[in-house]
Amino acid sequence: VFRGSRALAGEFGHVPMGTGLRCPCGSEGCLETVIGANGLRDAWPGGVATNVFAAAADGDERAKKVVDHAIGFLATAMWWLAAAYDPDYFLIGGGLGINNPSIKALITNRWAEMSSPSPLARRVLDPDRIRISDLEEPVGAYGAALIAADDAGRSEPTNPESNWEEETRK
């Protein structure tokens, strides 16, 4: 588990992407505001966030716009991550992945559009990198347990706030 120097690694949902929406974290424009369950529910007041994907697949034009908007931001964020970290694959889980059989095709299609003019982009945006988790368990809880287990073996405690304070004094 990669935690980063301040134990904040992996908070990609809170990267400002220019969505124009206020995030519960206090920032504006976070990726989470358009691809997270609350953001999707706000854009599609039809109940469960994944319902918007089903409605879009059934031809609802308003739902298609919401899905297209969300997938555009998600595909762009994944491109940034692919270029920055060159991961073997992206594992999409949670309600967005498990309850949504169309998510891989939606991202793959968007990547094809985004990368068509660039051979380099086509290498970065390889659709074989996208995988959907089949776990119905709370994978976020597993990640938290792995971090806790890693902390138990540390000889020095990590205090992200003191690291941040040290960095800002420099």
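The values are calculated or read from the model by the stated rules, or taken from the named source; none is laboratory data. From a predicted model like this one, the values you see are computed outputs, not experimental measurements. We place every Cβ from the backbone using ideal geometry, glycine too, and count neighbours over all the protein chains shown. Keep in mind that these areas ignore ligands, DNA and RNA; they rest on the heavy atoms of the full protein, side chains included. Shrake-Rupley method; radii C 1.70, N 1.55, O 1.52, S 1.80 Å.
Amide H contacts of residue 90 (H built 1.01 Å from N, in plane; Pro and chain starts excluded): 130, 131 sit under 5 Å, all sequence-distant by 5 or more or on other chains. Positive end of the dipole of region 61-122 (Cβ unit charges, origin at the Cα centre): among 66, 92, 105, the Cα lying farthest that way belongs to 66.
Accessible area per residue (1.4 Å probe, heavy atoms of protein chains only) ranks 74, 146 as 146, 74, with the largest value leading.
Can you figure out the FRET efficiency of residue 21 with residue 85, using R₀ = 22 Å and their beta-carbon distance, to the nearest 0.05?
Details: r = 26 Å, r/R0 = 1.18.
Calculated transfer efficiency: 0.30.
As a calculated quantity, the FRET efficiency between residue 146 and residue 58 at R0 = 41 Å, using C-beta atoms, amounts to about 0.60. On the basis of the beta-carbon distance and an R0 of 30 Å, residue 133 and residue 68 show a calculated FRET efficiency of 0.80.
Between rounded, prolate and oblate, where does region 8-110 land on the alpha carbon gyration tensor, with a ≥ b ≥ c its root eigenvalues, rounded for a/c under 1.5, else prolate if a/b exceeds b/c? Verdict is oblate for region 8-110. When 14, 69 are compared by accessible area of protein heavy atoms, the largest-first order is 69, 14, using a 1.4 Å probe.
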